[in-house]
């Protein structure tokens, strides 16, 4: 099982400048590159300082010139915000700039906050249908001279300009949760990204079960790859792990507040959550985060990851967005590289 880094700029207050956040993100990616990680992934979000990522291709093009070996992945672009011709061209250009290091992850999106601003009236079902139309169209555009007559897009014969460097095209990954999404990905020759979010390993097993069932249903096709994305903190001690559990709990309280889209938002930041509100959450707790996420000493983390490897995951992505300080993120990532990854060589 190989390892990657999943990272964004993130903040819930103006105490840290956006420029500093970007510089810190780049440094984490460079640590991952020097440390032998397989890839770095960054996504797409709009109007949210909680996850600052308006166009991952810009970040990846910059990282292409600041890293040497690491693969550069979109984790993920939001399908309904893209026209197939635009996505095919920008992805191909990034593949050229990065000398063939692009991995293209695509999802339907998650936040109604973004839907109502970029695509009013859109819901998760409609976003998923657009993703299912978008991916085959992008692949055809990379083949050349493709005319599209779909439900959501129509255009005359067009070839992506430029064409990607990788042949036949960069690997495509689909963020999947329900069985239908797994079946769509496998039947269309796409790899699969899954995340249990705050849930425990029973959710991991359910997700890989959906993937395996899809692979069995389409056993006549080559088996794609599957990646597990989890919040991860490699601790220096049990006390350090408990601090991380509290930090990750705060992160998920903000994540949940953004997802519900009910709380006041100003200048890209949601109204601050009080300690009392965080403590009163019905299922986000530090104890649950300590148990469910991959938080612990190197020995404990190795054990958890060995179990994921045995389930058949091809890649484990270290989700470093946690709201903790840059110094704590950096120390955890370095322990991952130095104390955990060698057990998998």
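Structure notes:
- Residue of 332, 181, 17 that the Gaussian network model of the chain assigns the largest fluctuation, springs spanning Cα pairs under 10 Å: 17
- Segments 51-64, 144-157, 84-97 sorted - mean Cβ within 10 Å per residue, highest first: 84-97, 51-64, 144-157
- Modelled FRET efficiency - R0 51 Å, residue 306 with residue 155, Cβ distances, 0.05 increments: 0.60
- Cα shape, the range 1-74, gyration tensor, a/c 1.5 rule: prolate
- Taking 42, 76 and counting other C-beta atoms within 10 Å, the order from fewest to most: 76, 42
- Here the sum of -39500 (n - 2.57) over DSSP H runs of 4 or more residues, divided by the residues of the chain, equals -14000 deg cm²/dmol at 222 nm, to the nearest 500.
- Three-way shape call for the range 22-179 based on the alpha-carbon gyration tensor, with the a/c threshold at 1.5: oblate
- Proxy reagent accessibility, fewest Cβ within 10 Å first, across 237, 161, 112: 237, 161, 112
- Relative intensity, log₁₀ I(q)/I(0), of the range 39-127 from a Debye sum that treats every alpha carbon as a point, q = 0.17 Å⁻¹: -0.69
- Shape of the range 215-345, Cα gyration tensor, a/c cut at 1.5: oblate
- Comparing 317, 13, 266 in a Gaussian network model of the chain (Cα springs below 10 Å), the most mobile by mean-square fluctuation is 266.
- Degrees, to the nearest 10: 326-335 long Cα axis against longest axis of the chain: 80
- DSSP-defined antiparallel bridges as percent of all bridges, the range 36-167, nearest 5: 30
- Computed from Cα positions, the angle between helix 201-217 and the longest principal axis of the chain comes to roughly 20 degrees.
- For the pair residue 221 and residue 343, the difference between a 0.36 nm per residue extended length and the Cα-Cα distance amounts to 40.7 nm.
- Spatial separation of Cα centroids for the range 56-132 and the range 234-263, in angstrom: 26
Every read-out reported here was derived from the displayed coordinates using simple, explicitly stated rules and does not represent laboratory data. The structure presented is a predicted model; accordingly, all values stated were derived computationally and were not measured. With ideal geometry, Cβ positions are generated from the backbone for all residues, glycine too; neighbour counts draw on all protein chains shown.
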